[in-house]
Amino acid sequence: MFKRVFAAGIAASLVLTLTACSTGAPSTSAKQPAQPTQEKKIDFPTKSVTIIVPLNPGGAMDTTTRIIAKNAEKYLGQSIVLDYKPGGGSAIGQAQVAKARPDGYTLLASGPSLVSNYLLKKVDFKGDSFIPLFKMTQDTDVIVGQPKAPYNNLKTMIEQAKQNPGKVRVGNSGTLGSDHLSSLAFQDAAGIQLNHIPFDGAGPARAALLGGHIELMDANPAELVEHIKQGTLVPLAVLSDKRNPLLPDVPTAKEQGIDVVMGPWRGLFLPAGTPPEIVKILETAFLKSLQDPDTQKQLTEAAIPVDYAGSEEFAKIVKGFEQSYTALAQKYNLVTK
Amino acid sequence: MTDVLHLLLNGFAVALTPGNLLACFVGVLMGTITGILPGLGPIGAMALLMSATYGMPTSTALIMIAGIYYGAYYGGSTTSILMNLPGEAASVMTCLDGYQMARKGRAGAALAIAAIGSFLAGTVGLVLLMLFSPPLAKAALSFGPPEYFGLAVLGLFLLSNISGKSALEATLMSLVGMAIGTIGTDVVSGSSRFTLGITELTTGIDFPLVAMGAFGVAEVLSVITEKTQDAVQLQSVRFRDLYPNKEEMRRSAMPIVRGSFLGFLVGLMPGPAASLSSFFSYALEKKVSKHPEEFGTGAVEGVAGPESANNAATAGAMTPLLALGLAFSPGTAMLMSGLMIHGVTPGPLFIKDHAPLFWGLIASMYVGNVLLLVLNLPLVGVFASILKTPVNILMPLILVITLTGAYAINLQLLDLALVMIMGVVGFFLRRAGLDVAPLAVGVVIGPMLESTWRQTMMMGNGSLLYPLERPISGAILGVLGLAVVVMMARKVIAYMKGRREAAGQVG
């Protein structure tokens, strides 16, 4: 008799504990009853905000998000926590935010893989599952060659490529990665045909380039600055509107007549359906964080470009990427759904 | 040579400051702990501590994070030897003979040899790193996809030698392993293979899951179903038994030396350096041993070689990072981000421009290796006595540790299912008398073989002769081809001889 009561008590407490500990948006009593659509003082945030980072910690995305989030805490009034959910080429973390409650407490930190994922692969979310909130930074890709190749500027390289279609080898960090798509966009704009060799990440691709096994690569300038200074790698063009301050002597592709601007951005997203007032509050906090000279100093020290944008402008940028990726996908038959 | 010594002494001045010493100790301690716990790798710990290092001076931060990295390879052998449960890919080879030594009551000896070998190899690797980084790193650059393909074929060739039993069975197992390795996203076309629509599977099955399942869980299932409890040494462990006897030390000497150099060289290459180095070392030791039939039943060379190799490989992996700014593995990539966060971009001029940082790091790695030896050796007794636990408590404990470790990798519930599936598969394979080690190796070598082959073909525009046209890959493949021809010729000659003798006897 006692045993049964005891067992029932244990079971009951287990059930209660499990319910209380269940993750996901906590079911605290609703602070706001159904909001009428007027500019009221919204009580947000009242607890810490989580940014989901769909990659392993330690990378550039991590560093960027961490610096900006840390400095945004004082403007937001609550702590911001980073939650790492790697896997599936960022798709898992991205899907999680797509399905999260649109209450402003769950954000996503992502790069263009978001766009290539929903356009080209089978994933659990669509383009309109997200609201672009804030662009944290924008990298500018640089096309580099190596000294053993018979060209040291963009023009000669393009001529060589035209004469030998499919022979000039360009490495990338993996098929359908943002640098692969950038290389495709570049070859389109230049009217040439390159031989794309995929590697398991940017590191091995760079090694292959240094060793002379491939001729070109589309890469992040911060990681190559030392090599360029030493002369072991030869920069041909920067794929951005303006010259990159890390490489002031390298002309942009536009300057040399090739109209292509491609550079992976890193930004924050919210699940679709988040109320506009909450979007505004978050956007303002992050804008202030980036305007803070302290934040800018930390970013520059970590070799991250200070190039931010608010929600509307960011949405336009993302749309632009969607369009160019769609065009590339159709031309090169990249869809793997 | 004298200025190297001079610079090194300056480095020690940096490394031996109280703050840096403490950082070193914390780093290697965390590394050892994460190494001992199966599944949890050094990457997670490095990431955690990375945020703590923001406020620290660069050298302190680097010393601590590097400590985690190479420390992890000291602890990895513990569960391999005691429970046949490899903590990470690099410890799989240690399971083969280490666990058998434990069953014979030589667990302490195995653990001690692993620790000593790791220390010596780590030191040798450091010396090579210190003296030869720039030229070695440049030489490593001349290895491109065709050369890695040659290495992968070499690995494949050696696979049939790892198992003590028939080469045919070993090949079959490695093919199964390679099939498992294909699950995930294809590097070249970007399409998903065998993922059954499950997003989590698009990055493939993590190797630790295969190893923990096929070795650890399968072992637990086997012990459970054994009618007679094969008591793993329950007599009181005497102090003398805890440490290796003279014979074991003597037999381990050369494997440790060979393992150090081999490990360092393999560590220079991209890819799974530590695991490949332990595979190659095991195969090498088996080939040069005077009693190859002992391998798989508790030959101490099978522990000394691979354990030394995987530690030397960490020094090897750091060479391209420090000399050229190239990070080839997740561990070194972490180190690289650690540096970049502190505003230091590793590149070809790193050693020159940041000499105090470089030499401080090298000196602290010497210190770290000593600290690790001091940490691990006395604990050998503690760990070995874990085996005194009655089997019916030990087995569930192992299961819990395995599942926790499996979950810790990616915080995915799917991984738990995968580990259990691999465990059941491994169990039945064992019942059929098949050896699981080639399967594990196949999971690593398969993807490498496939992607390097395709990269090579893309680079050569489809020409089959391309890998043979390049000097290094041509040499590797040529030698391998020759070896295969010789082997087959021998078999044919022996067969003909046998037939002639039989005919002579009858006729």
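Would you tally the net charge around A:A98, using a Cβ to Cβ cut-off of less than 9 Å, leaving A:A98 out, and scoring K and R as +1, D and E as -1? Net of charged neighbours comes to +1. Within the assembled protein chains, the solvent-accessible surface assigned to A:K135 is about 10 Å², based on a 1.4 Å probe. Comparing A:A272, A:A237, A:A207 in a Gaussian network model of chain A, where Cα atoms under 10 Å apart are tied by springs, the biggest mean-square fluctuation is seen for A:A207.
Report the one residue of A:N56, A:L236, A:I143 whose Cα lies farthest in the direction of the positive end of the charge dipole of chain A (charges on C-beta: Lys and Arg +1, Asp and Glu -1; origin at the Cα centre). Among A:N56, A:L236, A:I143, the one farthest towards the positive end of the dipole of chain A is A:N56. Beyond 19 Å in Cα-Cα separation lie the following of the pairs A:K47/A:K297; A:K70/A:K135; B:K246/B:K286; B:K290/B:K491: A:K47/A:K297; B:K246/B:K286; B:K290/B:K491. With contacts taken as Cα pairs under 8 Å and at least 6 residues apart, chain A reaches a relative contact order of 25 percent.
Peptide B:188-197 has a mean of 4 when you count, residue by residue, the C-beta atoms of other protein chains within 10 Å of its C-beta. Computed about its Cα centre, the charge dipole of the protein assembly as shown is approximately 1520 debye, with only Lys, Arg, Asp and Glu carrying charge at their Cβ.
As a test of the formula, what do you get for chain B when each DSSP H run with n ≥ 4 contributes -39,500 (n - 2.57) and the sum is divided by the residue count, at 222 nm and rounded to the nearest 500 deg cm²/dmol?
Value at 222 nm, helices only: -25000 deg cm²/dmol.
Given the -39500 (n - 2.57) contribution per DSSP H run of 4+ residues, what per-residue ellipticity at 222 nm results for chain A, rounded to the nearest 500 deg cm²/dmol?
Details: 11 runs with 143 residues, N = 337.
Dividing the helical sum by the residues of chain A leaves -13500 deg cm²/dmol.
Which whole number gives the average count of other chain Cβ atoms within 10 Å of the Cβ atoms across peptide A:194-206? Before the final figure, lay out the partial values.
Numbers: counts 0, 3, 2, 8, 9, 5, 9, 7, 3, 12, 11, 1, 6.
Averaged over the peptide's residues, the number is 6.
Amide H contacts under 5 Å for A:V123: none, restricted to partners 5 or more places along the chain or on a different chain, H placed in the peptide plane at 1.01 Å from N.
The packing ranking of peptides A:127-133, B:81-87, highest mean first, is B:81-87, A:127-133, where packing means the average number of other beta carbon atoms within 10 angstrom of each residue.
If the segment from B:M254 to B:I393 were pulled out straight at 0.36 nm per residue, it would be longer than the present Cα-Cα gap by 46.2 nm. Across peptide A:218-224, the mean count of Cβ atoms from other chains lying within 10 Å of each residue's own Cβ comes to 2.
What is the Cα centroid distance between the stretch A:175-192 and the stretch A:88-144, reported in whole angstrom? For the stretch A:175-192 versus the stretch A:88-144, the Cα centre distance is 21 Å. By a 1.4 Å probe calculation restricted to protein chains, B:F428 has an accessible surface near 130 Å², given to the nearest 10.
Dipole check for chain B: with +1 at the C-beta of Lys and Arg, -1 at the C-beta of Asp and Glu, and the Cα centre as origin, the magnitude is about 1100 Debye. On association of chains B and A, roughly 3300 Å² of accessible area becomes buried (total for both chains; probe 1.4 Å). When chain A is treated as a GNM with alpha-carbon contacts under 10 Å, the residue of A:G145, A:G267, A:G191 showing the greatest mean-square fluctuation is A:G191. Straight-line cross-link partners of B:K104 among the aspartates and glutamates, defined as a Cα under 18 Å from its Cα and at least 8 positions apart when in the same chain: B:E219, B:E226, B:D230, B:D241, B:E247, B:E248, B:E293, B:E294, B:E301.
What percent does the relative contact order of chain B come to when contacts are Cα pairs within less than 8 Å and at least six residues apart?
The value is 28 percent.
The distance linking the stretch B:401-417 with the stretch B:292-308 is 30 Å (Cα centroid to Cα centroid, whole angstrom). Considering only A:L114, A:G174, B:V344, and ranking their Cα positions along the charge dipole of the protein assembly as shown that arises from unit charges at the beta-carbon of Lys, Arg, Asp and Glu, the one farthest toward the positive end is A:G174.
The contact residues of the stretch A:66-90, meaning those that lose at least 20 Å² of 1.4 Å-probe accessible area when all protein chains sit together rather than their chain alone, are A:R66, A:P86, A:G88.
Amide H contacts of A:L133 (H built 1.01 Å from N, in plane; Pro and chain starts excluded): A:L268, A:F269, A:L270 sit under 5 Å, all sequence-distant by 5 or more or on other chains. Peptide packing: for B:206-213, A:169-176, the average count of neighbouring Cβ atoms within 10 Å per residue gives the ranking B:206-213, A:169-176, highest mean first.
Tally up the carbon and sulfur contribution to the accessible surface of the stretch A:53-204 as a whole percent, 1.4 Å probe, everything protein left in place.
Numbers: 2560 of 5190 Å².
The nonpolar share, carbon plus sulfur, comes to 49 percent.
The charge dipole of chain A, taken about its Cα centre with unit charges on the Cβ of Lys, Arg, Asp and Glu (plus for the first two, minus for the last two), comes to roughly 960 debye. The accessible-area ordering, largest first, of the residues B:L40, A:L270, B:L22 stands as B:L22, B:L40, A:L270, per a 1.4 angstrom probe.
Ignoring ligands, DNA and RNA, what accessible area per residue does chain A give at 1.4 Å, in Å²? List each step's numbers first, then the result.
On the way: 15450 Å² over 337 residues.
Here the residues of chain A average 46 Å² of exposed surface.
Give the distance, in whole Å, between the Cα centre of the stretch B:37-61 and the Cα centre of the stretch B:449-507. Centre-to-centre (Cα) distance: 46 Å.
Using heavy-atom solvent-accessible surface (probe 1.4 Å) with all chains present, what is the largest-first order of A:Y84, B:Y282? Intermediate values should be presented prior to the final figure.
Details: A:Y84 55, B:Y282 0 Å².
Putting A:Y84, B:Y282 in descending order of accessible area: A:Y84, B:Y282.
Beyond 20 Å in Cα-Cα separation lie the following of the pairs A:K148/B:K352; A:K121/A:K331; A:K155/B:K138: A:K148/B:K352; A:K155/B:K138. For chain A, rounded, prolate or oblate, judged on the Cα gyration tensor with a ≥ b ≥ c (square roots of eigenvalues), a/c < 1.5 rounded, else prolate if a/b > b/c? Judged from the Cα gyration tensor, chain A comes out prolate (a/c at least 1.5, a/b above b/c).
Karplus-based coupling profile of the stretch A:197-211, in residue order and whole Hz: 10, x, 10, 8, x, 6, x, x, 5, 5, 4, 5, 5, 4, x, with θ = phi - 60° in 6.51 cos²θ - 1.76 cosθ + 1.60 and x standing for Gly or Pro. The figure for B:S191 is an accessible area of roughly 40 square angstrom, using a 1.4 Å probe on the protein chains alone. Using a cutoff of 8 angstrom between alpha carbon atoms and counting only pairs six or more residues apart, the relative contact order for the stretch B:32-94 works out to 44 percent.
When the solvent-accessible area of chain B is split by element, carbon and sulfur atoms take up 71 percent of it, the probe being 1.4 Å. For chain B, the solvent-accessible area with a 1.4 angstrom probe is 40 square angstrom per residue. Think of the protein assembly as shown as having a plus end and a minus end, set by charges on the Cβ of Lys, Arg, Asp and Glu; of B:A90, B:L7, A:I278, B:A90 sits farthest toward the positive end of this dipole.
The values are calculated or read from the model by the stated rules, or taken from the named source; none is laboratory data. Everything numeric here is computed off the predicted structure, so don't read it as measured data. Glycine also receives a Cβ, built like all others from the backbone with ideal geometry; neighbour counts cover every protein chain displayed. Keep in mind that these areas ignore ligands, DNA and RNA; they rest on the heavy atoms of the full protein, side chains included. Shrake-Rupley method; radii C 1.70, N 1.55, O 1.52, S 1.80 Å.
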